[in-house]
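The values are calculated or read from the model by the stated rules, or taken from the named source; none is laboratory data. Computed from a predicted model, the values in this text were never measured in an experiment. Heads up, the Cβs are rebuilt from the backbone with ideal geometry, glycines too, and the neighbour counts pull from every protein chain shown. Quick note on the areas: whole protein, heavy atoms, side chains included, nothing else; ligands and nucleic acids left out. Shrake-Rupley method; radii C 1.70, N 1.55, O 1.52, S 1.80 Å.
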Amino acid sequence: MALSVGMALPASADRWPGRYSANGWPIRAKGLTEVGVEGSAAAMTVLGGAVATLLGHVARRFHYEIAELGPGDIHSHTTDPRVGAPLESNHLSGTAIAILPTRFPLGATDGLFPHEIALIRDILTDCSGTIRWGGDDPTTPKQGHFQLDVPPPEAAKAAHTLTGAGAMPDPFVPTRRSRALALERRQRRR
């Protein structure tokens with residue numbers, strides 16, 4: 001049973017039910033890889049391949065452009081099925097990260113400045129809309145949360161199109177900003 005993002009856990013449940021996380025990816029203990037965040041001492045354990053590429057890109061840009069990351073600053077894969085909200089179940093599949101989880105706790109919405117939110121929107125656009133930001137969750141926002149929002153073939157295609165490791169785009173160029181705002185409107189409608 002997979003619950004969709006925005007659905008509440010059953011009242012009697014204290015554990016995530018089923019074999020799939022809220023984003024539809026299988027819960028797993030294999031196929032995971034540890035990814036170091038370029039330029040920092042931070043690391044995360046996520047599903048390998050395209051997922052690692054996409055979430056690694058998010059973490060790298062977050063580190064360089066929003067807040068410096070260190071050891072323990074990223075919550076990633078877990079085998080503990082106790083989650084506070086459906087979006088957190090995506091850690092069970094290795095397809096989500098929570099950056100600075102104590103700075104951006106579940107339900108808080110005032111942790112980022114407007115220019116930092118604009119940067120996040122640009123990062124999401126870089127990932128071709130394959131990553132969903134927890135700050136957009138309508139019931140339980142989590143501003144440091146990022147998760148895969150597409151099936152594997154789309155994730156692989158987006159990972160292949162990412163810019164090189166050294167490239168730092170300007171998120172305020174009008175064409176990039178326009179694409180980021182269009183993606184925000186699409187993702188907020190769901």
When the residues of the range 138-172 are filtered to those that are open to solvent by 70 Å² or more (accessible area, probe 1.4 Å) and within 18 Å of GLU116 (Cα to Cα), which remaining residue is modelled with the highest pLDDT? PHE172
Looking only at helices (runs of 4 or more DSSP H) that lie completely in the range 74-190, which have at least 3 residues being small (Gly, Ala, Ser)? 152-161, 174-188
Being open to solvent by 30 Å² or more (accessible area, probe 1.4 Å), touching a residue at least 40 places away in the same chain (Cβ under 8 Å), acidic (Asp, Glu) and not in a helix (DSSP H, G or I) is the requirement here; does GLU34 meet it? no
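Of the residues that sit in the range 112-164 and are β-branched (Val, Ile, Thr) and out of contact with any strand residue (DSSP E or B) (no Cβ under 8 Å at 6 or more places or on another chain), which one is nearest to ARG188 (Cα to Cα)?
In this case the residue turns out to be THR139.
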Test of understanding: among ARG121, ARG132, which residue is in contact with a Pro (Cβ under 8 Å, 6 or more places away or on another chain), surrounded by 21 or more Cβ atoms within 10 Å (Cβ to Cβ) and basic (Lys, Arg)? ARG121
